[in-house]
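Asks: Right, I'll just put the structure down here and ask away after.
The values are calculated or read from the model by the stated rules, or taken from the named source; none is laboratory data. Quick caveat: nothing in here was measured; it's all calculated off a predicted structure. Because the Cβ atoms are built from the backbone with ideal geometry, glycine has one as well, and the counts that use them run over all protein chains shown.
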Ligand code: GLU
């Protein structure tokens, strides 16, 4: 049987890293088993769902390299793939349960049902509704509701028995007979509830493996009962553990960025983010840390997914991103850096005409940043004249290096060509002819030219800043002595 998995987000906010991990694991599982991955938009909470979130979700998933075989934007044989376009289907299936006596109409306002709940609670009983209770409440209202043209809600008559879920991640999960009572499957507004729509859709879309966050574990008993009531084939379930922050509390803003969009804005590479997300609860058979999507598609399986909570560590993700940055070609970084640099440092045209220079500059700085958004600030080093502290000026004055640096200016000025090779030659010549020690000469030179003790390769830096600017930085320094 073909493996079919799905990701079923509600478009009520931006794609969270936890959601992205769920999507990734579902996707990888399908791909590993040569199956299909489906995207379904669960937007029946009309008040909270927004089209802009759906569009952003789709954009973020694509950016991550997660691709679906069927979905709201591309269609497929079991569509539509947006729940708000499937309302007729839910009504039909709810009616089927009513006809079979497995569900019933309830004529009552949500507040009245809430009141009933409080009543049950006040008798120290589990807050579960029974058919008898709801029908009694409803009986008093039927005529009134019908006259007013109001629609009833539909409740499922939950069979009271023990349920056993053989979860692919958690192992065997038991639900006792009294774990839940009757529950709404359709609201009086005509909209389905999550637990109902999800079952109808997963069944009709022939989903074989439901992989999702363990916040849905307690819902699963309701869903299992619905599968049974419809005589649908039950999919297999795999509930992924929660993601915690380094302090072992639920992951939140306090721990750093939590949405995929924020990481995009900060200049994370999708390959790095996906790689990091894969390791949130799953591990490579040989404990490899850095791997491509292709490798993950070949290797991923649920038997290596841990049932313990995964700990999210933004520092590690940032480190990983730095690693991906350093392994990227100059050409690729040039493309990736563009939205961060244009128009801050260069205009669109300059970015094209200075391609070679920009590639070299990014390459020279590669070890100094782990997020592309830091690049404009790092690049300032090429444009901003350094300032020298008094102490530094004094120390150079005393050192006897002044003659050497004067010679260096002359040599740079007389170069027939401004290339790294010629710069290296001229610099070495200045050291040799002025008879100073190389080690004593280079360190202050870096500080004179860059204003800092460390940074990119000095010759590359000198080359990139350009002859005129380097000569004027040197001359100004010598004058300041
Ligand atoms: N729309 C649900 C959510 O976003 C889907 C849960 C599920 O995968 O069944 O949490």
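Asks: Kindly indicate whether residue 200 is within 15 Å of the ligand (Cβ to nearest atom), crowded, with 20+ Cβ neighbours inside 10 Å and more than 30 Å from residue 108 (Cα to Cα).
Replies: The answer is no for residue 200.
Asks: Applying the selection to the stretch 242-271, what residues are within 15 Å of the ligand (Cβ to nearest atom) and in a loop (DSSP other than H, G, I, E, B)?
Replies: If the condition is that a residue be within 15 Å of the ligand (Cβ to nearest atom) and in a loop (DSSP other than H, G, I, E, B), then 242 is the only one that fits.
Asks: Follow-up. Listed residues 335, 331, 295, 350; which is within 17 Å of residue 24 (Cβ to Cβ) and part of a helix (DSSP H, G or I)?
Replies: Only one candidate passes the filter, namely 295.
Asks: Check residue 53 against each of (1) within 14 Å of the ligand (Cβ to nearest atom); (2) farther than 19 Å from residue 213 by Cα; (3) assigned to a loop (DSSP other than H, G, I, E, B); (4) within 20 Å of the chain's Cα centre (by Cα) and name the one condition it does not meet.
Replies: Tallying (1) within 14 Å of the ligand (Cβ to nearest atom); (2) farther than 19 Å from residue 213 by Cα; (3) assigned to a loop (DSSP other than H, G, I, E, B); (4) within 20 Å of the chain's Cα centre (by Cα), residue 53 fails exactly one: (3).
Asks: Which is under 29 Å from residue 21 (Cα atoms), more than 16 Å from the ligand (Cβ to nearest atom) and either without any contact (Cβ under 8 Å) to a residue 12 or more places away in the chain or surrounded by fewer than 17 Cβ atoms within 10 Å (Cβ to Cβ) (or both), of 174, 147?
Replies: That would be 174, the only listed residue that is under 29 Å from residue 21 (Cα atoms), more than 16 Å from the ligand (Cβ to nearest atom) and either without any contact (Cβ under 8 Å) to a residue 12 or more places away in the chain or surrounded by fewer than 17 Cβ atoms within 10 Å (Cβ to Cβ) (or both).
Asks: What tally of residues in the stretch 18-34 results from selecting those that are more than 14 Å from the ligand (Cβ to nearest atom) and in contact with a helix residue (DSSP H, G or I) (Cβ under 8 Å, 6 or more places away or on another chain)?
Replies: 3
Asks: Mind listing just one residue for me: the one in the stretch 36-48 that is more than 10 Å from the ligand (Cβ to nearest atom) and surrounded by 18 or more Cβ atoms within 10 Å (Cβ to Cβ) and, of those, farthest from the chain's Cα centre (by Cα)?
Replies: 36
Asks: I'd like to know if the stretch 208-216 contains one or more residues that are over 18 Å from residue 179 (Cα atoms) and more than 10 Å from the ligand (Cβ to nearest atom).
Replies: Taking every residue of the stretch 208-216 in turn, at least one turns out to be over 18 Å from residue 179 (Cα atoms) and more than 10 Å from the ligand (Cβ to nearest atom).
Asks: Being farther than 26 Å from residue 303 by Cα and part of a strand (DSSP E or B) is the filter here, so list the residues in the stretch 163-207 that pass it.
Replies: Once the filter is applied, which keeps residues that are farther than 26 Å from residue 303 by Cα and part of a strand (DSSP E or B), the stretch 163-207 yields 182, 183, 184, 185, 186, 192.
Asks: If you don't mind, another one. Please verify whether the stretch 151-158 includes one or more residues that are free of Cβ contacts under 8 Å to residues at least 40 places away in the same chain and either in a helix (DSSP H, G or I) or within 16 Å of the ligand (Cβ to nearest atom) (or both).
Replies: Within the stretch 151-158 (the criterion being free of Cβ contacts under 8 Å to residues at least 40 places away in the same chain and either in a helix (DSSP H, G or I) or within 16 Å of the ligand (Cβ to nearest atom) (or both)), the answer is no, since none of the residues qualifies.
Residue by residue, here is whether (1) in contact with a helix residue (DSSP H, G or I) (Cβ under 7 Å, 6 or more places away or on another chain); (2) at pLDDT 95 or above holds:
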site: 144; (1), (2): no, no
site: 150; (1), (2): no, no
site: 155; (1), (2): yes, yes
site: 158; (1), (2): yes, yes
site: 161; (1), (2): no, yes
site: 167; (1), (2): no, yes
site: 171; (1), (2): no, yes
site: 182; (1), (2): yes, yes
site: 186; (1), (2): yes, yes
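Asks: Tell me which residues, restricted to the stretch 177-186, are surrounded by fewer than 20 Cβ atoms within 10 Å (Cβ to Cβ) and within 16 Å of the ligand (Cβ to nearest atom).
Replies: Listed by number, the list holds a single entry, 183.
Asks: Does residue 112 qualify as being more than 16 Å from the ligand (Cβ to nearest atom), surrounded by fewer than 20 Cβ atoms within 10 Å (Cβ to Cβ), free of Cβ contacts under 8 Å to residues at least 60 places away in the same chain and part of a loop (DSSP other than H, G, I, E, B)? Step through it out loud before you land on a result.
Replies: Values: more than 16 Å from the ligand (Cβ to nearest atom): yes; surrounded by fewer than 20 Cβ atoms within 10 Å (Cβ to Cβ): yes; free of Cβ contacts under 8 Å to residues at least 60 places away in the same chain: yes; part of a loop (DSSP other than H, G, I, E, B): no.
No, not satisfied.
Asks: Which count do you get for residues in the stretch 206-230 that are surrounded by 18 or more Cβ atoms within 10 Å (Cβ to Cβ), in contact with a strand residue (DSSP E or B) (Cβ under 6 Å, 6 or more places away or on another chain) and closer than 19 Å to residue 41 by Cβ?
Replies: Selection size over the stretch 206-230: 3.
Asks: Considering only the stretch 200-236, state which residues are closer than 17 Å to residue 157 by Cα and without any contact (Cβ under 8 Å) to a residue 12 or more places away in the chain.
Replies: 231
Asks: Moving on to the next point. Please indicate, with yes or no, whether at least one residue in the stretch 56-73 is buried (at least 16 other Cβ atoms within 10 Å of the Cβ), within 20 Å of residue 194 (Cβ to Cβ) and within 12 Å of the ligand (Cβ to nearest atom).
Replies: Checked against the condition, which is being buried (at least 16 other Cβ atoms within 10 Å of the Cβ), within 20 Å of residue 194 (Cβ to Cβ) and within 12 Å of the ligand (Cβ to nearest atom), the stretch 56-73 yields at least one hit.
Asks: Also, I was wondering about something else. Can you tell me which residue within the stretch 1-15, out of those that are over 19 Å from the mean Cα position of the chain (by Cα) and assigned to a loop (DSSP other than H, G, I, E, B), is nearest to the ligand (Cβ to nearest atom)? Steps first, answer last, please.
Replies: Quick first cut of the stretch 1-15, residues over 19 Å from the mean Cα position of the chain (by Cα) only: 1-5.
Applying the additional criterion that residues be assigned to a loop (DSSP other than H, G, I, E, B) yields 1-3.
Working: 1: 20, 2: 20, 3: 16 Å.
Checking each candidate, the answer is 3.
Asks: Take the conditions within 33 Å of the chain's Cα centre (by Cα), surrounded by 13 or more Cβ atoms within 10 Å (Cβ to Cβ) and away from the ligand (no atom under 12 Å from the Cβ) and apply them to residue 168. Does it pass? Let's see the steps before the verdict.
Replies: Values: within 33 Å of the chain's Cα centre (by Cα): yes; surrounded by 13 or more Cβ atoms within 10 Å (Cβ to Cβ): yes; away from the ligand (no atom under 12 Å from the Cβ): yes.
Taking the combined requirement at face value, the residue satisfies it.
Asks: Residues in the stretch 221-233: is at least one more than 16 Å from the ligand (Cβ to nearest atom), part of a loop (DSSP other than H, G, I, E, B) and either more than 16 Å from the chain's Cα centre (by Cα) or closer than 30 Å to residue 80 by Cβ (or both)?
Replies: Yes, the stretch 221-233 has at least one match.
Asks: Let me ask something else about it. Which of (1) within 17 Å of the chain's Cα centre (by Cα); (2) buried (at least 17 other Cβ atoms within 10 Å of the Cβ) does residue 333 not meet, given it meets every other one?
Replies: Condition not satisfied by residue 333: (1).
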